[in-house]
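Here's the structure, in structure tokens; my notes come after.
The values are calculated or read from the model by the stated rules, or taken from the named source; none is laboratory data. Bear in mind that the values here come from a model prediction, so they are computed numbers and not experimental data. Here the Cβ is made from the backbone with ideal geometry for all residues, glycine too, and neighbour counts use every protein chain on show. Accessible surface is based on the protein model in full, side chains and every heavy atom, while ligands, DNA and RNA are left aside. Shrake-Rupley method; radii C 1.70, N 1.55, O 1.52, S 1.80 Å.
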Amino acid sequence: MTEPVPSFLSRNQFLIYRLFSLSGLVPVGAFLVVHLLTNASVLAGPGTFQSRVDMIHSLGPLLVPIEWAFIFLPMLFHAAVGFAIIANGLPNVGSYPYVGNVRYTLQRATGMIAFVFIIGHVIHLHWMGEPLGGGRFDPHAASSSAARAIQPLLATALYAVGVLCAVFHFANGLWTLGITWGLWTSPAAMRRANVVSVVVGVVLAAAGLGSLAGLQGLRGQKLEAAEKI
């Protein structure tokens, strides 16, 4: 009998896993950092946030292809490979409750939650969500439209959970990426990398939650004029 021909995924597993790991840093992780810091600029005032949004949308017709090439497609690739990894792995936290195993499970759990959150976020605010009743974000009135969209406390709470899951998945992924690529192999190097990952996570979490608090503190009827300042 002839042996079955290995699948494409089996033959190229090493390359696919390396691309999966790299895509979590660039461009997906890089976009997360830029997105959270841009949103946090609302803490400096509606006018500052509007100027950041105007800078992004100054790309004009290039914005859509750039979004697909550097955000949506890499994100879908990362999610698809991630779900494939989850489907073929079993968490063993119950049997071996070591810190590494807990982080392993949290990495996958937060990845799934973050993926669902991102889909909801795109439907809720991005213009592509308009046919589904979303698309609430107006780039010409950035602060007021975003503030109105997340004004319900439930919306803010869901965004807070989604942001924290995405931040943990990215920050913890930095640590595992370094191991995957052999950037830190000794226990001391791993400890230093762990500190860096924690700092990155805390900064990004503060930026994400800060932007939500900033938007909650705004009053929609006062924003249109402020955004033009």
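Of the residues making up the range 101-118, not a single one is open to solvent by 20 Å² or more (accessible area, probe 1.4 Å) and more than 28 Å from Val199 (Cα to Cα).
Residues to consider are Phe49, Phe14, Phe20, Phe31; find the one that is part of a helix (DSSP H, G or I), among the aromatic types (Phe, Trp, Tyr) and open to solvent by 90 Å² or more (accessible area, probe 1.4 Å). Among Phe49, Phe14, Phe20, Phe31, only Phe14 is part of a helix (DSSP H, G or I), among the aromatic types (Phe, Trp, Tyr) and open to solvent by 90 Å² or more (accessible area, probe 1.4 Å). Only one entry in Val122, Val81 is open to solvent by less than 50 Å² (accessible area, probe 1.4 Å), in contact with a Gly (Cβ under 7 Å, 6 or more places away or on another chain) and assigned to a helix (DSSP H, G or I), namely Val122. Residues in the range 132-188 that are under 16 Å from Ile113 (Cβ atoms), surrounded by 18 or more Cβ atoms within 10 Å (Cβ to Cβ) and β-branched (Val, Ile, Thr): Val163, Val167.
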